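Reading through the C-alpha cells given below for one structure.
The values are calculated or read from the model by the stated rules, or taken from the named source; none is laboratory data. Note that the structure is a prediction, hence the values are computed from the model and not measured. All Cβ positions, glycine included, derive from the backbone under ideal geometry; neighbour counts span all protein chains shown.
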C-alpha cells in the first residue's frame, strides 16, 4: 500500500508541475516579448512600428515557424486581422504581387496596402517587414485593416531595403 501512495504522490507532483508549466506557456503566448498590446487604447507595437485598432479587439499570439505571427479578434469574434512580422515573413502587399496597390510614406517608412485574389494586406517593409492581412470577402475586416494602415507610425530607425518591391 505504501508503494502505491508513493507513486501517487510522485504522479501528483508531476501533474502540478506540468499544469504550472502549461499556464506559464499560455501566458507567454498571450503576448510575445517583441510586442506591446494595449487593449484599452487599441495600440499594437512591435520593435519598428505601431498601429491602432478600434477598441474591443483581443490579441492572440500564433506560433510561427520563423517569424512572429498573431491575430486580432473583433467584438463578437467576427473580424479577424492576422499579422506576420519579421524578415522571413517577406512582403505580402507589394506593387508586384497585388492586383491593386496603394503606396504612401509615413516618417520615411513605406506603407503598401494591396489587394490580391484572396486577401487584402498592408505591409510595412521598412519597419520590421510587418504584414497585417484579412480575407478578401470580409468587408468589415477590410475597413478595419484600412484604418490600421492609416494609423501606422514607425518606431526607432527606419531601415529601407533598397531592393525593388518585386525582389522583397
For this session: Among the numbered conditions (1) surrounded by fewer than 16 Cβ atoms within 10 Å (Cβ to Cβ); (2) free of Cβ contacts under 8 Å to residues at least 40 places away in the same chain, tell me where residue 123 comes up short.
Result: (1)
Problem set entry | Tally, over the stretch 71-97, of residues that are surrounded by 15 or more Cβ atoms within 10 Å (Cβ to Cβ) and under 19 Å from residue 147 (Cα atoms) | 14
Problem set entry | Odd one out for residue 55 among (1) under 21 Å from residue 36 (Cα atoms); (2) touching a strand residue (DSSP E or B) at 6+ places or on another chain (Cβ under 9 Å) | (2)
Exercise. Can you name every residue in the stretch 52-70 that is assigned to a loop (DSSP other than H, G, I, E, B), in contact with a helix residue (DSSP H, G or I) (Cβ under 7 Å, 6 or more places away or on another chain) and surrounded by 16 or more Cβ atoms within 10 Å (Cβ to Cβ)?
Worked result: 53, 67
Problem set entry | Those residues of the stretch 22-46 which are part of a loop (DSSP other than H, G, I, E, B) and at pLDDT below 90, in sequence order | 31, 32, 33, 34, 35
Exercise. Which residues, taken from the stretch 36-51, are closer than 18 Å to residue 127 by Cβ and either surrounded by fewer than 15 Cβ atoms within 10 Å (Cβ to Cβ) or not assigned by TED's automatic domain parsing to the domain that holds residue 91 (or both)?
Worked result: 36
For this session: Among the residues of the stretch 131-142, write down those that are over 16 Å from residue 93 (Cα atoms) and surrounded by fewer than 14 Cβ atoms within 10 Å (Cβ to Cβ).
Result: 137, 139, 140
For this session: Please go through the stretch 98-115 and pick out each residue that is crowded, with 17+ Cβ neighbours inside 10 Å and without any contact (Cβ under 8 Å) to a residue 60 or more places away in the chain.
Result: 98, 101, 106, 110, 111, 112, 113, 114
